[in-house]
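Please treat every number below as a calculation from the coordinates, not as lab data. Just so it is clear, the model here is predicted, and its values are computed rather than measured. All Cβ positions, glycine included, derive from the backbone under ideal geometry; neighbour counts span all protein chains shown.
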Amino acid sequence: SQQGEEDPQALSIQEGENATMNCSYKTSINNLQWYRQNSGRGLVHLILIRSNEREKHSGRLRVTLDTSKKSSSLLITASRAADTASYFCATDARNSGNTPLVFGKGTRLSVIA
Amino acid sequence: DGGITQSPKYLFRKEGQNVTLSCEQNLNHDAMYWYRQDPGQGLRLIYYSQIVNDFQKGDIAEGYSVSREKKESFPLTVTSAQKNPTAFYLCASSMSVLAGGNEQFFGPGTRLTVL
C-alpha cells in the first residue's frame, strides 16, 4: 500500500549545488516525515512536518508541504559529498486508526565532489 | 547508549530452514516494526506491534512470524514458507503508532541471504 511516491528516482549533482526531491501522496495525512538512508544502513529521521504547517527548516534542510496538491518537497542546500544517500518520505493517513507510517520508494541522491 | 540493535548483521540460510532475526530496543518505546527492503526499493511492512503481547500483520506478512513477549524485544522468524527471503531486514521502534508519536528509530539492519 504505497502512499508516498518520491520523484525523481535518482538525482546526481555537483557539490555545492542544491538538491530538490519531491513526494506525492494519495490520502489526507496527519503529518509527513523525511528519512535518510546511507547504503546498507538503517534509516535516520530528518524532519517531520504536520498537516497544518507549510514550511519547516532544519539546518541545510527545507521541507514544504502543500496539502491541496498532496505533495511535499525536500530541499538540501549547499550539498556535500556526505549527503549522498537515499531519501524517503513517509506518511500516516488521517482517519486510518492506529496504522503505521507508509514509506515511498525513495530518491537516490549522488553528490559528486 | 540508547538505541535499537539488530543481530546478526549478515545471515545465511539454506533453503527450507527457519531463521530468527533479533531486534532489541532500550528506548522504552511501545511500538516496534519489521520492514523488508529489496535492492533499490522502498520499505515494505511485514509486522508491527503496538504493545507487549500484541502484533498485527503488515503488507507482506506471509512466510514470517513474530512475537512480542517483552517490551524491549521483537524477534522476526523467516520461515521456510517465505519463497523469496533474500533481502535487507530493518527493525524500527517508536513511542506509539498513533499520529504525533510515530517518528521511527531504525536499527542497522540484517542482510539475509538464502543459499
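For this structure, a couple of remarks:
- Taking a straight Cα-Cα cut-off under 20 Å and skipping sequence neighbours fewer than 8 places away in the same chain, the aspartates and glutamates within cross-link reach of B:Lys70 are B:Asp1, B:Glu24, B:Asp30, B:Asp54.
- Binning the alpha carbon pair distances of region B:67-115 at 5 angstrom intervals from zero yields the distribution 5, 16, 20, 22, 18, 13, 6, 1, 0, expressed in whole percent.
- Neighbouring partner chain Cβ atoms per residue of A:102-108, average, 10 Å criterion: 4
- Average Cα contact separation per residue, region B:42-95, under 8 Å, 6 or more apart, as relative contact order %: 25
- Extending 7 Å from the Cα toward the beta-carbon at both A:Lys26 and A:Arg54 defines two label points whose distance is 2.9 nm.
- Couplings 3J(HN,Hα) of region B:92-97, computed from phi: 9, 9, 8, 4, 7, 7 Hz, in residue order, whole Hz [Karplus 6.51 cos²θ - 1.76 cosθ + 1.60, θ = phi - 60°; x for Gly and Pro].
- In whole angstrom, the protein assembly as shown maps to an equivalent ellipsoid with semi-axes of 29, 21, 15, each derived as √(5λ) from the alpha carbon gyration tensor and ordered largest first.
- Zone residues, region B:1-21, relative to B:Asn84, backbone N less than 19 Å from point 7 Å out along Cα-to-Cβ: B:13-17
- All aspartates and glutamates inside 15 Å of A:Lys70 as judged from Cα atoms, apart from same-chain residues fewer than 8 positions distant: A:Glu5, A:Glu6, A:Asp7, A:Glu53, A:Glu55, A:Asp92
- Entry note: chain B has Rg to Rh equal to 0.95, where both radii use alpha-carbon atoms and Rh is the Kirkwood radius.
- The relative contact order of region B:70-115 comes to 38 percent, based on Cα pairs under 8 Å that sit 6 or more residues apart.
- Region B:23-37 and region B:64-99 have Cα centres lying 8 Å from one another.
- Considering only the Cα atoms of region B:36-84, their convex hull presents on average a projected area of 3.8 nm².
- Chain A: mean projected area of Cα convex hull, nm²: 6.8
- Partner lysines for A:Lys69 [C-alpha distance under 20 Å; skip if fewer than 8 residues away on the same chain]: A:Lys26, A:Lys56, A:Lys105
- A simple charge model with +1 on the Cβ of Lys and Arg, -1 on the Cβ of Asp and Glu and nothing else charged puts the dipole of the protein assembly as shown at about 200 debye relative to its Cα centre.
- Listed residue (B:Leu27, B:Gln37, B:Phe12) projecting farthest to the positive dipole end of region B:10-96, Cβ model: B:Phe12
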